[in-house]
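The values are calculated or read from the model by the stated rules, or taken from the named source; none is laboratory data. Given the structure is predicted, the values throughout are model-derived calculations rather than measurements. Heads up, the Cβs are rebuilt from the backbone with ideal geometry, glycines too, and the neighbour counts pull from every protein chain shown.
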Amino acid sequence: MKTRGELAAAVRAIGDAESKLLRGNSKFSPFHAFSRQEWSALAPETPLPLTDSDIKGLSGLSDPVDLAEVDAIYRPLSRLLEIYFEQQRELADSRHTFLHEPSPNPVPFVIGIAGSVAVGKSSIARVLRKLLSRFPRTPRVDLITTDGFLLSNSELEKRGLMGRKGFPESYDRHALIKFLAEVKAGREKVKAPVYSHVVYDVVPDEFITIEQPDILIVEGINVLQPPRVSADQNQPAIAVSDYFDFSIFIDAYHGDIEQWYIERFLKLRSAAFTDKDSFFRAYADLDDRTAISVAHQIWTEINLVNFVQNIRPTRARADLIISKASDHRVREILLRKL
């Protein structure tokens, strides 16, 4: 088994090699690279319909998002997504006309957001939801996380998977794909299960209802996983991402993500962990040194392994890669070429 140092070195070497291949200045890259400066120069072409008060409450515990970052990065990204949305609707209309099909009700445009634990997916998803809902053609934007599709703790324990919670095999993939299939089929109401980070489990008999939004954002660490090969040859191999119209991967150096994870753990220790119903109640009274050690161990033994084996390898499957620096600021954007 590799030591922590060996694993970290391997992660960095693999990540650096892949990054060079993905870089837009490589003739083999399927992406076009934009520096922060190049990307932010696109911002004036799109109105910024948000204020400081709108941004308040959208940031995560360890992922600060301010109006300057929204203006420089997510303002032009929201317009790009709106362009993709508009073109998809126009293509659908043209196809129905060509095939002499009746025009059904428009189906939701689905955006997938992937990336490691603690990399800032949730904050970015909330910001994009707020921005996209301000465009006149997409007033209804919904957001779900795939946490609700995790197997229950009792089922994970039954299968011996509690120590691999968050890994691909810990999700009810069939239920997630069924949910997305119904959304893309245009069903009027589709239910998604709810997950509680306090009790660290799926909440029984609690759901959120998605009602034909213009755009649906699906956020989760493993949403860009390739399809699994089923033992049953009559079952087609379908990936969650097959239902996405656009996908985003949030990337960062693994050492920075670990630091963000530890910072979040320390904040949760004095917040959510103190709840009497919290699954992590035992961590609430840890001193700083012990809490850092525990967070470090959880990251190394679970989250880093998942990052190396399952999450980072899906980066190249995204339509857009957002690379963050150690201060959480976006330093580069890679957009898939057309």
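How many residues does the range 301-338 hold that are over 18 Å from LEU224 (Cα atoms) and in a helix (DSSP H, G or I)?
Of the residues in that region, 2 qualify.
Looking at (1) modelled with pLDDT under 95; (2) of a type in the set (A, V, I, L, M, F, W, C); (3) surrounded by 23 or more Cβ atoms within 10 Å (Cβ to Cβ), find the lone condition where ALA114 falls short.
Going through (1) modelled with pLDDT under 95; (2) of a type in the set (A, V, I, L, M, F, W, C); (3) surrounded by 23 or more Cβ atoms within 10 Å (Cβ to Cβ) one by one, ALA114 breaks only (1).
Looking at the range 141-181 only, could you name the residues that are within 25 Å of GLU82 (Cβ to Cβ) and of a type outside the set (A, V, I, L, M, F, W, C)?
Passing the criteria: ASP142, THR145, THR146.
Could you grab me the full set of residues in the range 169-207 that are under 20 Å from GLN309 (Cα atoms) and surrounded by fewer than 17 Cβ atoms within 10 Å (Cβ to Cβ)? If you could, list the steps in order and put the result at the bottom.
Going through the range 169-207, the residues under 20 Å from GLN309 (Cα atoms) turn out to be 169-173.
Listed by number, the list holds a single entry, GLU169.
Does HIS254 satisfy being within 28 Å of PHE31 (Cα to Cα) and modelled with pLDDT under 95? Spell out how you get there, then give the answer.
Details: within 28 Å of PHE31 (Cα to Cα): yes; modelled with pLDDT under 95: yes.
In short, yes.
Would you check which residues across the range 105-116 are assigned to a strand (DSSP E or B) and under 12 Å from PRO213 (Cβ atoms) and list them? Lay out the reasoning, then the answer.
Taking the range 105-116 and keeping what is assigned to a strand (DSSP E or B), we get 109-115.
PHE109, VAL110, ILE111 - these are the residues of the range 105-116 that are assigned to a strand (DSSP E or B) and under 12 Å from PRO213 (Cβ atoms).
Residues that are without any contact (Cβ under 8 Å) to a residue 60 or more places away in the chain: list the strands (runs of 3 or more DSSP E) wholly contained in the range 188-229 that include at least 3 such residues. Spell out the reasoning first.
Working: elements: 190-196, 201-210, 215-219.
Because the criterion is at least 3 residues that are without any contact (Cβ under 8 Å) to a residue 60 or more places away in the chain, the strands (runs of 3 or more DSSP E) in the range 188-229 that meet it are 190-196, 201-210.
Which is under 27 Å from LYS337 (Cα atoms), surrounded by 14 or more Cβ atoms within 10 Å (Cβ to Cβ), β-branched (Val, Ile, Thr) and at pLDDT 65 or above, of ILE83, ILE73? Reasoning before the result, please.
Numbers: ILE83 fails: surrounded by 14 or more Cβ atoms within 10 Å (Cβ to Cβ).
After applying the criteria, what remains is ILE73.
What residue, among those in the range 230-244 that are assigned to a loop (DSSP other than H, G, I, E, B) and within 26 Å of LEU132 (Cβ to Cβ), is modelled with the lowest pLDDT?
Our first condition is that a residue be assigned to a loop (DSSP other than H, G, I, E, B); within the range 230-244, this holds for 230-239, 244.
From the residues that got through so far, the ones that are within 26 Å of LEU132 (Cβ to Cβ) too are 239, 244.
Details: ALA239: 93, PHE244: 98.
Looking at residues that are assigned to a loop (DSSP other than H, G, I, E, B) and within 26 Å of LEU132 (Cβ to Cβ), I get ALA239.
Can you confirm whether the range 86-104 contains a residue that is in a loop (DSSP other than H, G, I, E, B) and among the aromatic types (Phe, Trp, Tyr)? If you could, list the steps in order and put the result at the bottom.
Quick first cut of the range 86-104, residues in a loop (DSSP other than H, G, I, E, B) only: 99-104.
Now drop any that are not among the aromatic types (Phe, Trp, Tyr), which leaves none.
Taking every residue of the range 86-104 in turn, none turns out to be in a loop (DSSP other than H, G, I, E, B) and among the aromatic types (Phe, Trp, Tyr).
For the structure I just gave you, tell me whether SER247 is among the polar types (S, T, N, Q), farther than 30 Å from LYS337 by Cβ and either surrounded by fewer than 17 Cβ atoms within 10 Å (Cβ to Cβ) or modelled with pLDDT of 95 or more (or both).
Values: among the polar types (S, T, N, Q): yes; farther than 30 Å from LYS337 by Cβ: no; either surrounded by fewer than 17 Cβ atoms within 10 Å (Cβ to Cβ) or modelled with pLDDT of 95 or more (or both): yes.
No: the conditions fail for SER247.
Taking the range 131-150 only, how many residues are part of a helix (DSSP H, G or I) and under 16 Å from the mean Cα position of the chain (by Cα)?
Filtering the range 131-150 down to residues part of a helix (DSSP H, G or I) leaves 131-132, 146-149.
In the following step, the residues that additionally are under 16 Å from the mean Cα position of the chain (by Cα) were identified as 146-149.
Within the range 131-150, residues that are part of a helix (DSSP H, G or I) and under 16 Å from the mean Cα position of the chain (by Cα) number 4.
Listed residues VAL127, VAL119; which is part of a loop (DSSP other than H, G, I, E, B) and among the aliphatic types (A, V, I, L, M)? It would help to see each step written out before you state the result.
On the way: VAL127 fails: part of a loop (DSSP other than H, G, I, E, B).
On inspection, the qualifying residue turns out to be VAL119.
If ILE257 satisfies all but one of (1) β-branched (Val, Ile, Thr); (2) part of a helix (DSSP H, G or I); (3) more than 17 Å from the chain's Cα centre (by Cα), what's the number of the condition it fails?
Of everything listed in (1) β-branched (Val, Ile, Thr); (2) part of a helix (DSSP H, G or I); (3) more than 17 Å from the chain's Cα centre (by Cα), ILE257 misses just condition (3).
Take the residues in the range 19-70 that are among the charged types (D, E, K, R) and under 19 Å from LYS337 (Cα atoms), then tell me which one is modelled with the lowest pLDDT. Spell out how you get there, then give the answer.
Going through the range 19-70, the residues among the charged types (D, E, K, R) turn out to be 20, 23, 27, 36, 38, 45, 52, 54, 56, 63, 66, 69.
Right, trim to under 19 Å from LYS337 (Cα atoms) and you get 20, 23, 27, 36, 38.
Values: LYS20: 58, ARG23: 62, LYS27: 70, ARG36: 95, GLU38: 96.
Selected residue: LYS20.
Being touching a residue at least 24 places away in the same chain (Cβ under 8 Å), over 13 Å from GLY115 (Cα atoms), touching a helix residue (DSSP H, G or I) at 6+ places or on another chain (Cβ under 8 Å) and in a loop (DSSP other than H, G, I, E, B) is the requirement here; does ILE292 meet it? Don't jump to the end; show me each part of the working.
Details: touching a residue at least 24 places away in the same chain (Cβ under 8 Å): yes; over 13 Å from GLY115 (Cα atoms): yes; touching a helix residue (DSSP H, G or I) at 6+ places or on another chain (Cβ under 8 Å): yes; in a loop (DSSP other than H, G, I, E, B): no.
Considered against the rule, which asks whether it is touching a residue at least 24 places away in the same chain (Cβ under 8 Å), over 13 Å from GLY115 (Cα atoms), touching a helix residue (DSSP H, G or I) at 6+ places or on another chain (Cβ under 8 Å) and in a loop (DSSP other than H, G, I, E, B), ILE292 comes out as no.
Tally up the residues in the range 315-338 that are over 23 Å from ASP71 (Cβ atoms) and surrounded by fewer than 20 Cβ atoms within 10 Å (Cβ to Cβ), please.
Going through the range 315-338 one residue at a time, the tally reaches 5.
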